Amino acid sequence: MDESTYVVAMTGAGMSVESGIPPFRGVGGLWTKYGTPRMDGYADFKKDPIGWWNRRANKEADAHILELRDALEGAKPHAGHYALAEMEKRGAIQSVITQNIDGLDEKAGLKNLIEIHGNRTKLRCIECNERISLGSFVPLYAPKPCEKCDGLVKFDTVMFGEPIPDDVMTAARAEINKADCVITIGTSGTVRPASGLVWIAESAGATIVEINPNKTKLTALSKISLRSKAGSALPTLLNALIN
Ligand SMILES: [Zn+2]
């Protein structure tokens, strides 16, 4: 990191797990417990948006969504989130690309943040990408159409079958193009297109550093692998950088 000029951190589910948010995949994952959900959530939503919102408000959603919602409501950033925010403030990292939807990075104070799978505390117009902070994980009724363009409004969270919004994808690619060092934190490197960004960075010559308690698909690309959890590795790294 000291030798690099533009450092981008990429965070995944492992980061949120330490704030009590269950992952989807793997041991203790919501899909492992409840089964993999249908892969056409976005099509379902577009077919009947008002029905979709009413089911959410009435807690008639899938069990894994309800468990996730409960976990999200009580979650707070941990020492790793705050260490990343401090690194950004000090110029040791330039941006964070997160796959997490919990909004904890923003709560910890990160500014140059790209939430590639959206943010569950925000609403987004599917036509013009206008976002509104909801301040809550549970809306009580279907939101009105977009004030700017009259488009359909949904949670900012990217659903199955929904493309990553072009504004965040463009911003993420631009960050990766500038990066000469990418630190992957708590991500298994299996979810596209986020994982593809690491390969793009590596083939362009960036140094890849991995922080993960387990070996992942990104290990082979990584010059350094720190086998540690984010909540302990990031504060240690911050200390090393400032001392
Ligand atoms: Zn709009």
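Looking at the range 25-81, the GluC sites (Glu not before Pro) that sit in a DSSP loop and have at most 13 other Cβ atoms within 10 Å of their own Cβ are Glu60. Checking every one of the trypsin sites (Lys or Arg not before Pro) in the range 1-64 against DSSP loop status and a limit of 14 other Cβ atoms within 10 Å picks out Arg25, Arg38, Lys59. Considering the dipole of the chain built from charges on the beta carbon (Lys and Arg +1, Asp and Glu -1) around the Cα centre, which of His81, Ala240, Ser19 is farthest to its positive end? Comparing the listed Cα positions along the dipole, Ser19 ranks first.
Overall, the chain carries a charge dipole of about 400 debye about its Cα centre when +1 sits on the Cβ of Lys and Arg and -1 on the Cβ of Asp and Glu, all other atoms neutral. What you get for the range 169-229, charging only the Cβ of Lys and Arg (+1) and of Asp and Glu (-1), is a dipole of about 200 debye around the Cα centre. Computed on the Cα atoms alone, the convex hull of the range 7-242 gives a volume of 118 cubic angstrom per residue.
With 0.36 nm allotted per residue and the present C-alpha distance subtracted, the Glu127-Arg55 stretch has 23.6 nm of extension available. At full extension, Arg25 and Arg192 could sit 58.7 nm farther apart than now, given 0.36 nm per residue minus the alpha carbon distance. With a simple spin-label model that places each label point 7 Å from the Cα along the Cα-to-Cβ direction, the separation between Ile164 and Ile200 comes to 0.7 nm.
Considering only beta bridges that DSSP places wholly inside the range 1-159, some 45 percent are antiparallel. Pairs from the table (Lys47/Lys154; Lys178/Lys229; Lys47/Lys122; Lys178/Lys215; Lys46/Lys154) lying more than 18 angstrom apart at Cα are Lys178/Lys229; Lys47/Lys122; Lys178/Lys215. Which of the three applies to the range 1-46, rounded, prolate or oblate, going by the alpha-carbon gyration tensor with a ≥ b ≥ c and a/c under 1.5 meaning rounded? Oblate, because a/c is 1.5 or more while a/b does not exceed b/c. When the chain is treated as a GNM with alpha-carbon contacts under 10 Å, the residue of Val96, Val182, Val209 showing the greatest mean-square fluctuation is Val209.
Just the number, please: carbon plus sulfur as a percent of the accessible area of the range 7-242, 1.4 Å probe, no ligands or DNA/RNA counted.
Numbers: 5950 of 11130 Å².
C and S atoms contribute 53 percent here.
Extension gain, Lys107 to Asp2, is 35.2 nm, computed as 0.36 nm per intervening residue step minus the present C-alpha separation.
The values are calculated or read from the model by the stated rules, or taken from the named source; none is laboratory data. Keep in mind the model is a prediction, meaning the values are calculated, not measured. Methodologically, a virtual Cβ is constructed for each residue, glycine included, from the backbone with ideal geometry; neighbour enumeration extends over all protein chains shown. Just so you know, the surface numbers come from the protein's heavy atoms only, side chains and all, with ligands and any DNA or RNA stripped out. Shrake-Rupley method; radii C 1.70, N 1.55, O 1.52, S 1.80 Å.
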